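K.L.:
I'd like to ask you about the structure that follows.
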Amino acid sequence: MMAMCSKKAYLKRRNGDNKYDVDTNIFQVKFDCLKENIVKIHQGDPIMCQQCETVLNKYSKIEDDVQNQQFGKQVWICEFCNTKNQIQIEKEEIPKNEDTIYLIQSAQEMQIQIENGDNSVVFCIDTSGSMSSTVEIKGKVNFKHGISAEEYEMLKQFIEPGDEHQIWPQFNTKHVTHVSRKQCVMAAIEQQIGELKKKNPNKIVGLVTFNNEVVVYGDGSEVPITIAGDRLFKQDEIENLLNGTAKQLMKHPIKEQAETLMKKFEKLQEKGQTALGPALISALQLAKVGKPGSMIIICTDGLANLGLGSLDNDANKQFYEDLGVFASQCGVVISVVTIKGEGCKVDILGSLSEKTNGTVTRVKPEDIEKDFANILKDELVGTQVQLFVNLHHALKFRGEDDPNIGNKLKREIGNATIATTQTFEYQVKNDQELQKEQIDIKDLKTVPFQIKVQYTNLHGDRLMRVVTQQVSTTENVQEAEEEAEVEVIHKRMAQKTAQIAKKGNYQEAQTYNTQWDGYVQRNANINNNQLNQQKNYNFQQHNLKLQTAVQRQEIRKDRLSQPLTNPQYQPQSNFPNFLKTDINLQQPPPPPIFQQQYCQMPLFNHSFGAKLPQQEQHQQQLIKELKQQEEKQVQIQELKQQEEKQVQIQELKQQEEKQVQLQELKQEEKQIQIQELKQEKNQSFSDDEDEEMADLFQFEQGKY
């Protein structure tokens, strides 16, 4: 159950702490052993240290309490914290093995009645319109379940001439087959029902479908219940409706209902929207009436957009987290299978699997069958699981979220399956801490490790499993590395990288992964045998997938975090400068006619050499008239200029008003674009991102 990376704990002296230290001080805890049906319960109750709460174990040293002369009493000096504990224990109650199981409370004592029979599986299947989308598969593949006549009538309006082969096989002259997502899902479920009928004939299999409405078929023996309209938005009504009927809908095992259930599948039609939230509530009502370990498999290809849990915005994220917690309390595992091609917001749906220890996958339609099979293999082994880990007081945990966690921690696991794995790093305390606790590491030839797992088994009994190991120590790093099991390093490296990345710390995740990858791949001591070399080589493909997911998430985060500029609107005036101030009408130059006429006038009598009075009088009169004409022309010119300027001002004002209106329209368009971009930031989902998030969930759970 507890596997150390190295048979020797490396005690590296340090002045300070470094959470990025790389060495073989790693161990993992696997829960698959909880599956054992026949378990020998240890006689007596667990005795715990009053200081550090570790359990007395086979390595504990017990002496008679001679000092206090207490008859029948003993003293146990805790091997973890050196605390003296006065105890009273019979010799046969002292654990003889590293692995010990205690009964905390029986199902009978807790008045828990577990019905006979097997647990259940509920398929929660998307039948929205997008499930009719086809995928091209090389070669000719014959699927039992094609499209119905009604579906063809709905689809034929969208079929272009020459594309009939995508719907009807008889038109297929190419070496490819176009199959719908619905066909792939139905073929996969039919395959799994056949396998369950052979291997687990008493298992109860139920069906819930969802599109514009939710149809609850159960095992197929009763008239299905349809949930539609306003009821899709009312959780209490859905739960009340199914509370009294769920047992009736889930009472016949698959060995009796396989054919009936498959006929229900054959009649499913794709249409409408995606009411995933109400369907999940319905599936949970069916699954919780079964034995602990019942499972819900959600299969969807699109975004939940109708009813409770609609993911058009992130406000409903809590809805799925709450359902995940409730499912875990009921001992129900929820796995999410999303089909490539549409965005589903795996980061939110994944919380269902995270809370219940299910699986999150992103698959091609043609690979669903394999995916369903892998999910069904990951059996539940315990519910309400709590993990307690204790280290020797000279050690402390490394790389945990809480840097002050010390040498003991607790993790709420919830449901545990055979694939559930937890990993830990540890290190020796720094010199100041050791000095304060008066510990000399040279005196530590061995150090103990202990895990306590409290859980409820599938029969309803509350148990505690205690595993204690004694590990040799060394201050020589080479000795520790030569004993290394690289698979433990791989599991820790993948799990911790994914945990960091899921918090949005992509740069830190890459740094962590790069350091550990370089250490495990290039360390000569670790790679001193062919087995470790081969395991390292095999892991590279998985780690490359993990690194790619983290890098792409970081790129997407950077792209979406670019600031959206929204400049304040400042209308630009197109008025000329001379119109922005008071209009200054300058006197125009004198008209050329005056100069010409004046210069052509004969002012002197050149023949006689004297000026004639009559001519002078006439000339003055003429000059006066010309001046009057000139003044009139100037006035006319001024009036024309003023009129032209007024017209120009009016035109410019009209132009400015139009430009203001245009700027306002552009501003509105820009605001709409900014809002759309903000929505893209908030909703930020895509097919690629969903696949990356699914990968991170799998690596975090150790299910890669």
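K.L.:
In debye, nearest 20: dipole of region 433-528 around its Cα centre with unit charges on the Cβ of K, R (+) and D, E (-)?
P.N.:
So the magnitude is around 600 debye.
K.L.:
Turning to a different aspect of this structure: Set the Förster radius R0 to 30 Å, insert the Cβ-Cβ distance between K658 and I636 as r into 1/(1 + (r/R0)^6), and round the FRET efficiency to 0.05.
P.N.:
0.35
K.L.:
With the crude spin-label approximation of a point 7 Å out along Cα→Cβ, what separation in nm comes out for E195 versus A315?
P.N.:
Placing both labels 7 Å along Cα→Cβ, they lie 4.2 nm apart.
K.L.:
Determine which aspartates and glutamates satisfy two conditions relative to K234: a Cα distance under 16 Å, and not lying fewer than 8 residues away in the same chain.
P.N.:
Here the aspartates and glutamates satisfying the reach criterion relative to K234 are E213, D322.
K.L.:
How many angstrom separate the Cα center of region 474-505 from the Cα center of region 372-416?
P.N.:
After rounding, the separation between the Cα centres reads 16 Å.
K.L.:
Points 7 angstrom from Cα along the Cβ direction at K666 and I418: gap in nanometres?
P.N.:
6.7
K.L.:
Next up: Working out 0.36 nm times the residue gap between N15 and L544, then minus their Cα-Cα distance, what length gain in nm do you get to one decimal?
P.N.:
Result: 187.0 nm gained on full extension.
K.L.:
Take the Cβ-Cβ distance between N305 and Q515 as r, set R0 to 35 Å, and report the resulting FRET efficiency rounded to the nearest 0.05.
P.N.:
0.25
K.L.:
Follow-up question, since we're still on this one. Give the dimensionless ratio obtained when the Cα radius of gyration of region 242-284 is divided by 2.2 N^0.38 Å.
P.N.:
Here the Cα radius of gyration is 1.41 times the empirical estimate.
K.L.:
With only alpha-carbon atoms in the gyration tensor, what are the semi-axes of the equivalent ellipsoid for region 414-518, in Å, largest first?
P.N.:
Each semi-axis is the square root of five times an eigenvalue, giving 28, 25, 15 Å.
K.L.:
To continue, here is another question. Mind putting a number on the dipole of region 180-220 about its Cα centre? Charges go on the C-beta only, +1 for Lys and Arg and -1 for Asp and Glu, and I need it in Debye to the nearest 20.
P.N.:
That gives a dipole near 200 debye.
K.L.:
Next question. Taking 45 Å as R0, compute the FRET efficiency from the Cβ-Cβ separation of T83 and N529 and round it to 0.05.
P.N.:
0.65
K.L.:
Additional query: Which one, A509, V453, V486, projects farthest toward the positive side of the charge dipole computed for region 419-516 from Cβ point charges (K/R +1, D/E -1)?
P.N.:
So the residue furthest toward the plus end is V453.
K.L.:
As a footprinting exposure proxy, order E190, E195 by other Cβ within 10 Å, with the fewest listed first.
P.N.:
So the residues, fewest neighbours to most, are E195, E190.
K.L.:
Let me ask something else. Given N residues in region 206-347, what is Rg(Cα) / (2.2 N^0.38 Å)?
P.N.:
1.00
K.L.:
In debye, nearest 20: dipole of region 335-411 around its Cα centre with unit charges on the Cβ of K, R (+) and D, E (-)?
P.N.:
360
K.L.:
Could you put C81, C299 in order, starting from the residue whose Cβ has the fewest other Cβ atoms within 10 Å?
P.N.:
C81, C299
K.L.:
When the chain is fully extended, how far beyond the present Cα-Cα distance does K35 get from M110, taking 0.36 nm per residue of separation?
P.N.:
Between K35 and M110, full extension yields an extra 24.9 nm.
FYI, it's all coordinate maths here, none of it is from the lab. Being a predicted model, the structure only gives us computed values, none of them experimental. Cβ sites come from the backbone with ideal geometry, for glycine too, and all protein chains shown count toward neighbours.
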